[in-house]
Every structure is written in C-alpha cells, then in structure tokens.
Amino acid sequence: MDLIVRNVNLPDGRAGVDVGIRDGRIAAVQAHLTAPAGEEIDGGGNLLTAPFVDAHFHMDATLSYGLPRVNRSGTLLEGIALWGELKPRLTQEALVERALRYCDWAVAKGLLAIRSHVDVCDARLLAVEALLHVKQRVAPYLDLQLVAFPQDGVLRSAGALDNLRRALDMGVEVVGGIPHFERTMTEGAESVRLLCELAAGRGLRVDMHCDETDDPLSRHIETLSFHTQRLGLHGRVNGSHLTSMHSMDNYYVSKLLPLMREAGVSAVANPLINITIQGRHDTYPKRRGMTRVPELLAAGIPVAFGHDCVMDPWYSLGSGDMLEVAHMGLHVAQMTGQEAMRACFDAVTRVPAGILGLEGYGVAPGCHADLVLLDARDPVEAIRLRAARLLVLRRGKVIARSAPAQARLSLPGRPAQVDFRLVP
Ligand SMILES: [Zn+2]
C-alpha cells in the first residue's frame, strides 16, 4: 500500500476500520490491515467519508457579493435585478478568478465535486468560456460539472435556445431549464419538452430549475417526469428546487411522487436558499417553501441538498460548507429522527454523487481514494458540529488539512480545553 489510514469510522456505521490506498485508489477496507505501507495516518476513531458533493450551484455568480452593490432587501426579485446589472460588467478574468477562489474554499471544506449551472442568456457566452476554463484548471482536484442554464427562459429570452445549443457544442454537459420563468404555464411545459428532447438527442443529462415558486398549481415537475419517461431518460434527469411542492394539494402530490419514482427522476432541495427566498409573499403563517424531502425519500426518490449560492446577488452568506447545508436541511425538513439525520448526511455525499453520475465514488475497494477525515465520530456528530476537515485527500494525496476546532478556557476549577463531544 502507498498509504493506510488507520482506525476510522465509516458513514455506513462500520467502526475502527483501516483503509488502504494504492495508485490513487482504495485497495482495502478492513479491520487490522496488515499490508506494508509507505505511509500511515492515525485516523483517531474519526469519521472517514467520500468527499462532499454539491449537486446545485451557480459558480458564475459566486463571490460577487457587493458587485455592483449589495442586495438590500435580500429578496429573489432584487437578486435577479442585481444579476441583470452585474452581467454586462462581467469580465472573463474576474469570473475565472472568483470561481477559482471558490474552488479553493470548496477543497478546504472537503467538497470535491460540484454541479454548477452557468447562465447562457448572454450571446457572448462569457461565463461558459470562463467556467469551461476553470473546469479544466481544477480537474486534478475537483470535478466540476456544468449545466447550460437559460436564466431568463429558453423561450422567453431571445436567442437563448441558440446560445444553449452553442454552450453544449462547446462542452457543457448537462441541459438546464427554468420552466416556471417562461411566460405561461404552457410555454413552460413546451420548454421542458424541447429541452428533454435536446438532451435525449445528444445523450446528455437534464437538470432544471423546476417550480421554484410558492404556486400550488405549478406543474412542471409532472411534465418533466412525463418526458423523462417518454424519452427513456430514467436516472439522468433531476428537478432542482421543486419548492411549489411544499404548497401543492396533498392528493395531487400522492399521485405525483409515484410518477417521479417511475420515471427515475431525482430531486435537489436547496435549504439555505429555499428557506430565505420562498414564502416572501406570505404574512403569517409563513411557509417554509422547501420541497417535501421526507416524503420524496419515502417514495424512493433520491434527494440531495445543494448549496445553490455563496455570497452572490441572491445570498450574502455561505462558505462552501456542505455540512452547513445539511444542518439547515435537517432543521427545515424536521428530519430529526436517527435515520433521517443520517439521510441528511447522505444528501450531501452519496446521493448527489449518484445524481452527477460520478465514477468510482465511495469508500470501498476500487473507488478513487478521494476522502475526507472529519473531526467527528459519525455523520450526525459531523452535522451537529459542522466538523473540521482534518484531512482532505484526492487520489490518495493530502490536498488540504485543518486543525480541530478547539478553544482554551480560563475558568477556575474547569478544564483548560473545551470539548464539544460527549465522551462516553
Ligand atoms: Zn439555482
């Protein structure tokens, strides 16, 4: 072995195992691994997981906070207006620089795979070129998957369909959409049909911003599931946000979920953004606006949590920490049961890896040795503490490390150091 990480716990509950790594891949996962190793790391009984995966992000807008001004109201509408003001001022250099900086943050947080939407409603396709360049630059340490996203509507915005096709020709690999932003429900449905057929024709995956409203009568996820089924796109289509499902009639949802399941459509909720952007027209009671995560899971539909935004026109906070995302998702969806809390960890690791179609993801022999050692013993503790990433490995090499979170106390009769774990 090139490296053995000894005495770690795994997300599936196995404890005290050793993980052997050879030629950038995991070669063995077992207790008391006896093979000789070039190097050994003591895992200290901490949780070793495959990296965090963000299935929904906007890297063309990230870290643009304050450009050209801040979002004073914090609302979606001011955010969209702000993005409209910023777009004509964007330069490729600045886009690349901000994206690379965000990727540094991501690596430091053990986030090694990101699906990012890239706005194609710009005839110059400046952001597409910039992010394709970034994708290549970061490939040695981070998998960046790009979605051609017609922010202003593929039918509503002049030239958007042509731009979207050009973006795919340039190497963008997923077809995006935003049916609820088209002019009418009918046009929205038409955009879903057209974009699914485009993806089917090119053998691509689909990921649409879908029903990102509080409108209980929004029906685009139904249309997306229908065309997925019709075109045989099972397992390759994702509905992002699906916030209107929060407000839909219960009887209708009881019909909708089996349709999604039958079509093999997955879902991505974005808890930090949904909880702040949705329900803004409500007085009280005020809707949460996140989609029905426990119900989707119970119906056998894969659900991931995405970050969506970090320090951009729509959201002034965030740091690339998928444990913060899982923490918010857990609270908003009231997923406080033991199994449900573990599902929230899966929603930022294993499940989004499946949605992106990542090859060799996991902690098992044959998988890439892409691993994160957390300062926590299990997934629930990791979420509770937003645990420090002690080590981040890519292909068996350490690419980031952080000190454990510790504070010193100066209190009479109390220990010098505070430990936030309950040691049994
Ligand atoms: Zn989004």
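With a/c under 1.5 counting as rounded, go ahead and sort segment 49-174 into rounded, prolate or oblate using the C-alpha gyration tensor (a ≥ b ≥ c being the square roots of the eigenvalues; past the cut-off, prolate if a/b is larger than b/c, else oblate). The shape class here is oblate. Here the chain has 54 percent of its accessible surface on carbon and sulfur atoms, given a 1.4 Å probe and all protein chains in place. For segment 319-424, GluC sites (Glu not before Pro) meeting the loop criterion (DSSP other than H, G, I, E, B) and having at most 14 other Cβ atoms within 10 Å: E359. In the chain, helices alone account for a calculated mean residue ellipticity at 222 nm of -10000 deg cm²/dmol, with every DSSP H run of four or more residues adding -39,500 (n - 2.57).
Once the Cα atoms are used to define both axes, helix 250-263 deviates from the longest principal axis of the chain by about 70 degrees. Note on segment 282-383: Cα convex hull, mean projected area over all directions, 8.6 nm². Which of F305, H281, C344 sits closest to the plus end of the dipole of segment 268-374, meaning its Cα is farthest towards the positive end, when Lys and Arg get +1 and Asp and Glu get -1 on the C-beta? Among F305, H281, C344, the one farthest towards the positive end of the dipole of segment 268-374 is H281. Within segment 44-90, the trypsin sites (Lys or Arg not before Pro) that combine a DSSP coil assignment with at most 14 other C-beta atoms in a 10 angstrom radius are R69, R72.
Contact order for segment 188-328, expressed relative to its length and based on alpha carbon pairs under 8 Å spaced 6+ residues apart, stands at 21 percent. Computed with a 1.4 Å probe over protein heavy atoms only, the accessible area of E190 comes to about 70 Å². Counting only Cβ charges, +1 for Lys and Arg and -1 for Asp and Glu, the dipole size of segment 182-296 around its Cα centre is about 240 debye. Take the Cα of R69, step 7 Å toward its Cβ, do the same at R166, and the gap between the two points is 3.1 nm. Ordered by 1.4 Å accessible area with all protein chains kept, R101, R421 run largest first as R101, R421. The largest accessible area among W83, W314 belongs to the first residue in W314, W83, and the rest follow in falling order (1.4 Å probe, all chains).
A crude spin-label estimate for the pair A364 and K286, with each label 7 Å from Cα along the Cβ direction, gives 4.4 nm. When the trypsin sites (Lys or Arg not before Pro) in segment 143-237 are filtered for DSSP coil states and for at most 16 other beta-carbon atoms within 10 Å of their beta-carbon, the remaining sites are R183.
Placing pseudo-labels 7 Å out from each Cα toward the beta carbon at E129 and E173 gives an inter-label distance of 2.3 nm. Over all other residues within a Cβ to Cβ distance under 15 Å of A403, the charged ones net out to +3, with Lys and Arg as +1 and Asp and Glu as -1.
Based on C-alpha pairs under 8 angstrom that are at least 6 apart in sequence, segment 247-324 has a relative contact order of 31 percent. Annotation: S191 carries an accessible surface of approximately 0 Å², with a 1.4 Å probe and no ligand, DNA or RNA atoms counted. Accessible surface calculations at 1.4 Å, restricted to protein heavy atoms, place the chain at 41 Å² per residue. Among M260, M311, M185, the sequence by solvent-accessible area, most first, with a 1.4 Å probe is M185, M311, M260. The charge dipole of the chain, taken about its Cα centre with unit charges on the Cβ atoms of Lys, Arg (+1), Asp and Glu (-1) only, comes to about 500 debye.
In this structure, L100 and S254 have a Cβ-Cβ separation that, at R0 = 51 Å, corresponds to a calculated FRET efficiency of about 0.65.
In terms of its C-alpha gyration tensor, the chain has a prolate overall shape, because the principal axis ratio a/c (a ≥ b ≥ c, square roots of the eigenvalues) is not below 1.5 and a/b outweighs b/c. Working value for segment 178-327: equivalent-ellipsoid semi-axes of 24, 18, 16 Å, each the square root of 5 times a Cα gyration tensor eigenvalue, largest first. Charging the Cβ of each Asp and Glu at -1 and of each Lys and Arg at +1, and nothing else, the dipole of segment 307-376 about its Cα centre rounds to 180 debye.
The values are calculated or read from the model by the stated rules, or taken from the named source; none is laboratory data. Everything numeric in this text was worked out from a predicted model, so none of it was measured. Heads up, the Cβs are rebuilt from the backbone with ideal geometry, glycines too, and the neighbour counts pull from every protein chain shown. Side chains included, ligands, DNA and RNA excluded: accessible areas come from the protein's heavy atoms. Shrake-Rupley method; radii C 1.70, N 1.55, O 1.52, S 1.80 Å.
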